[in-house]
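All remarks here apply to the structure that follows.
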Amino acid sequence: MTSPTYETLDGSTPEITPLAAEHGKRLPLSAFTLLTGGDVFESRQGKPPPEGPARARAYVKAKVTMVAHGAPPEQLQRVEGDIVRQLSGNLQLIGRLEASRPVAIDLIPPGQPMARYGYPRSVSPQAAGLFWDHPDWERARIALRQDKLAPEPHLVFHEMAHAIQGLAFTQEENELVYRTMLRTYRSRAMVDEVFALYSEREFIPTVTGHDLRAPGVYGMARQRWNEEHVFTRFVRNLYFPYKPLAGQGSGNRASSFEG
């Protein structure tokens, strides 16, 4: 994720299959009311759903295929654990992913180009991960470089966020995300990355100097991130609808920073 532009050299993006509108109506996400200018009624004493981790693990078992390509078992466990952590706070989000396309995750060996495993040739050689999809594929796909999982603890959360946006949001909801963010980030590809960057921040709150100095939108969005942003409230409510809204006297208005 250190390409000067995006995860692809030419700025291309996957051909996503948005969640069907009927599933969106059946499984509404309260976070989207924040983007439409409505109210979200928060619970100050909310608790995570006790069945969340089990539901998230069941989703991974049923809809996610991991291809090790020689990766050790502990890396597969790490990827599954991060996905479960990312999803377990919102049963509606899990339900949407259960109703969407399955996902295949490739753990790419060190030094190997992602294109060798069926990903676009436009993928940046510096990309640590990639979410991609195409209507002709049986599954959406995520690539994760084995040698980047340890030094980039946000990697799984980042790429899974792309999958969530591409598979678990309806077309109308994605358009709402773009209308909200295009005034600041001038292309849809940049907005896609901002959603993933704000998502990773909910799970890896510590930001390093290397992260802040990343080229292009990656460093820019991390530097701009703030508890008071509507988009922060949207992302937090998406993953943790039981938590107080971001910016509500949390005391975490500035980045937690490590040089």
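Bear in mind these aren't lab numbers, they're just calculated from the coordinates by the rules spelled out. Every value quoted in this text rests on a predicted model; they were computed, and no experiment measured them. Virtual Cβ from ideal backbone geometry, glycine too; neighbours counted across all protein chains shown.
For this structure, a couple of remarks:
- Over the chain, dividing the summed -39,500 (n - 2.57) contributions of all DSSP H runs of at least 4 residues by the number of residues returns a 222 nm mean residue ellipticity of -12500 deg cm²/dmol.
- Binning the alpha carbon pair distances of the chain at 10 angstrom intervals from zero yields the distribution 7, 32, 39, 20, 2, expressed in whole percent.
- Distant-in-sequence amide H partners of Ile108 (H built 1.01 Å from N, under 5 Å): Leu144, Arg145, Gln146
- Segment Asp10..Lys47, full-extension length gain: 9.0 nm, with 0.36 nm per residue of separation and the alpha-carbon distance subtracted.
- Residue-wise HN-Hα couplings along region 219-234, as the Karplus relation 6.51 cos²θ - 1.76 cosθ + 1.60 with θ = phi - 60° gives them from phi, are x, 4, 5, 5, 5, 7, 3, 8, 4, 7, 5, 4, 5, 5, 4, 4 Hz; Gly and Pro carry x.
- For Ala127, residues with placed amide H under 5 Å, excluding near neighbours: Thr2
- Fraction of antiparallel bridges per DSSP, the chain only, in percent to nearest 5: 25
- Projecting the Cα positions of Val123, Ile94, Leu76 onto the charge dipole of the chain (unit charges on Cβ atoms of Lys, Arg, Asp and Glu, taken about the Cα centre) puts Ile94 furthest along the positive direction.
- The separation of region 24-95 from region 150-182, counted between C-alpha centres, amounts to 13 Å.
- Given their separation in residues at 0.36 nm each and the Cα-Cα distance between them, Thr184 and Glu22 gain 55.2 nm when the chain is fully extended.
- Additional length obtainable on full extension of the chain from Leu176 to Leu76, 0.36 nm per residue less Cα span: 32.6 nm
- Distance between modelled label sites at Arg139 and Arg116, nm, 7 Å Cα→Cβ extension: 2.0
- Comparing mean-square fluctuations of Pro110, Pro151, Pro244 from a GNM of the chain with C-alpha springs under 10 Å, the top value falls on Pro151.
- The packing ranking, built from the mean of other Cβ atoms within 10 Å per residue, places the peptides 85-95, 11-21 in the order 85-95, 11-21, highest first.
- Electrostatic tally near Gln223: other residues with Cβ closer than 13 Å to its Cβ, Lys and Arg +1, Asp and Glu -1, net +3.
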